[in-house]
Amino acid sequence: MSEFPESFVWGSATAAYQIEGAANEGGRGPSIWDTFSHTPGRTLNGDTGDVAADHYHRWESDLSHIASLGLDAYRFSIAWPRVQPGGSGAFNPVGVDFYSRLVDGLLARGVRPVATMYHWDLPQELEDAGGWAVRDTALRFRDYAAGIVEALGDRVHTWTTFNEPWCSAYLGYASGVHAPGRTEPAAALAAVHHLNLAHGLAGRVVRELAPASQLSVTLNLHVIRPASSSAADLDAVRRIDALANRAFLGPMLDGAYPADLLADTAPVTDWSFVHDGDEKLIAVPLDVLGVNYYSSTLVRAWDGVSPRSSADGHGQSSASPWVAADTVEFLPQPGPYTAMGWNIDPPAFTELLLRLHREYPNQPLMITENGAAFDDVVGPDGTIADDRRIDYLRRHIGAVAEARAQGADVRGYFVWSLMDNFEWGYGYDRRFGIIRVDYDTQVRTWKQSAHWYQRLATTGHLE
Ligand code: IFM
């Protein structure tokens, strides 16, 4: 049992392409996820975000659910191709107005708007011009950021530049399991840098145009465990830590890429895409660092010859075989698992938060995503008794409480997700919501986890 203070922020999170639908309405342009999901074989069952949870039309009743849950904050993302269809040039007033009404609707209900500028839906035109592998995309992102911050300004309580740039770079450009589906290791590392650069540029726009707003970025940080304490396995951990964690934390919080990352990846790239002054620019001070956590990762050194396990890091196909050369093997973790096949490891969450506290003691933290997909069953009376999700949430929020008790400055928690949605390559097959969406009727039904989370959010009392 733990108590959270009144000031602790309870929220829920979603992302535009996963819930909005209305892919061809209101002047929205195509994004890389439209192209990818419409390409045969890319998503489970060929699912696309064309309709998703139809949030574009149902946003007002969705906001009422958020208010009824008693949440302090709502984390949503703005679809770049909805507000600036081609990724440069003119803004689309219909798209901007949608988010303006959403923000006002949240404020009217006493809910803090937390807006993510980029949750993976790059305008297709920009991908056609090179995507995140080219520097110009970062410059375009700065202009996009200026447009939306001018329009929404400090009505947005917290501006988050990026969601999980790890996924955009490595899954998008190295393993290719996410849009745009490229498998080019050098392009993935260039994407890492251009995403970081875009973060710095957009962060400075927020500071200038919305000085009263908070600034953040959300990283999916990895807890990487060695299979043994051998020097070789420990070095495998170091390599993946450099690629997965420090490639982002380094420039964003320390103002420099780690030397070992540059050395490890020298066979892939010389990093000449990093220009003088870039790293300083990226290190814009953050009010809060957003942390997403789901599961942990187990690695060992690989000799490059023996058959290699196909287990992956973070369950989304690891970046390592693509960009870290043939030196690391990802191993299956002991269970239990969620429906994503991800292992359930709450102590690793505490470990991650304490590491951040140790390395960045003055950096406030916010849990911007945590949650679980399970195969929900709708009972004959319509109830959804998702005990496993409640257990997952209880243990992970307990892990946050433990980290706080040991000194970590964690200011809030956003459950992933408010409602079932398009789970990228897994389509609609995996359900993360605390609210069920019936995709035939678009009816929303609170799962037991929603009732449980409502009690927690309104009392601060973890049972
Ligand atoms: O659904 C995703 C979300 O878009 C980003 N973080 C992880 C979630 C679960 O896979």
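Over all directions, the projected convex hull of the C-alpha atoms in the chain averages 20.4 nm² in area. Peptides 77-85, 152-160, ordered by how many other C-beta atoms sit within 10 Å of their residues on average, highest first, read 77-85, 152-160.
A simple count of charges around Ala256, restricted to other residues whose Cβ falls under 15 Å of its Cβ and scoring Lys, Arg +1 and Asp, Glu -1, yields -4. The label-point distance for Asp136 and Tyr439, in a model that sets each label 7 Å from Cα toward Cβ, rounds to 3.6 nm.
A protection proxy built from the mean count of other Cβ atoms within 10 Å ranks the segments 178-187, 100-109, most packed first, as 178-187, 100-109. Close amide H contacts of Glu184 (hydrogens built in the peptide plane, cut-off under 5 Å, sequence separation of 5 or more or a different chain): Ala174. Provide Rg over Rh for segment 390-463; use the alpha carbon set for both Rg and the Kirkwood Rh (inverse mean inverse pair distance). Answer for segment 390-463: 1.05. Can you find, among Leu195, Thr338, Ala385, the residue sitting farthest towards the positive end of the charge dipole of the chain, where Lys and Arg contribute +1 and Asp and Glu -1 at Cβ? Most positive-ward Cα: Ala385. Summed over qualifying helices (DSSP H, 4 residues or more, each -39500 (n - 2.57)) and divided by its residue number, the chain shows a 222 nm mean residue ellipticity of -10500 deg cm²/dmol.
Between Leu354 and Ser230, full extension at 0.36 nm per residue minus the direct alpha carbon distance yields a gain of 42.2 nm. The stretch between Arg101 and Ala146 holds 14.3 nm of extra length on full extension. This uses 0.36 nm per residue minus the Cα-Cα distance. Label-to-label distance for Ala385 and Trp271 is 5.5 nm, based on points extended 7 Å past Cα in the beta-carbon direction. The value obtained for segment 112-198, namely the Cα convex hull volume divided by the number of residues, is 82 Å³ per residue.
Comparing Cα centroids, segment 324-380 and segment 210-237 end up 11 angstrom apart.
Placing +1 on each Lys and Arg Cβ and -1 on each Asp and Glu Cβ, with no other charges, gives the chain a dipole about its Cα centre of roughly 600 debye.
Report, for the chain, the % of DSSP beta bridges that are antiparallel, rounded to 5. Given both bridge residues lie in the chain, the antiparallel proportion sits at roughly 25 percent.
A simple packing score, the average count of other Cβ atoms within 10 Å per residue, orders the peptides 207-220, 433-446 as 207-220, 433-446, with the highest score first.
Which distance in Å, rounded to a whole number, links the C-alpha centroids of segment 92-114 and segment 1-22? Spelled out, the Cα-based centre of one part sits 16 Å from the other. Scanning residues 5 or more positions from Val9 or on other chains, those with amide H under 5 Å from its amide H are Gly412, Tyr413, with H placed 1.01 Å from N in the peptide plane. Calculate the length of the line joining the C-alpha centroid of segment 32-80 to that of segment 290-308, in whole Å. With segment 32-80 and segment 290-308 each reduced to a Cα centre, they are spaced 30 Å. For segment 67-170, the equivalent ellipsoid derived from the Cα gyration tensor has semi-axes of 26, 15, 10 Å, listed largest first. Across the options Leu353, Val268, Phe248, the greatest Cα extent toward the positive end of the charge dipole of the chain (unit charges at beta carbon of Lys, Arg, Asp, Glu) belongs to Leu353.
Neighbours of Ala450 by Cβ distance under 11 Å: Lys/Arg scored +1, Asp/Glu scored -1, total +4. Charging the Cβ of each Asp and Glu at -1 and of each Lys and Arg at +1, and nothing else, the dipole of segment 329-448 about its Cα centre rounds to 400 debye.
Throughout, read-outs are computed from the coordinates displayed, never taken from laboratory work. Quantities reported herein were computed from a predicted structural model and do not represent experimental measurements. Positions of Cβ are backbone-derived with ideal geometry, glycine not excepted, and every protein chain shown enters the neighbour counts.
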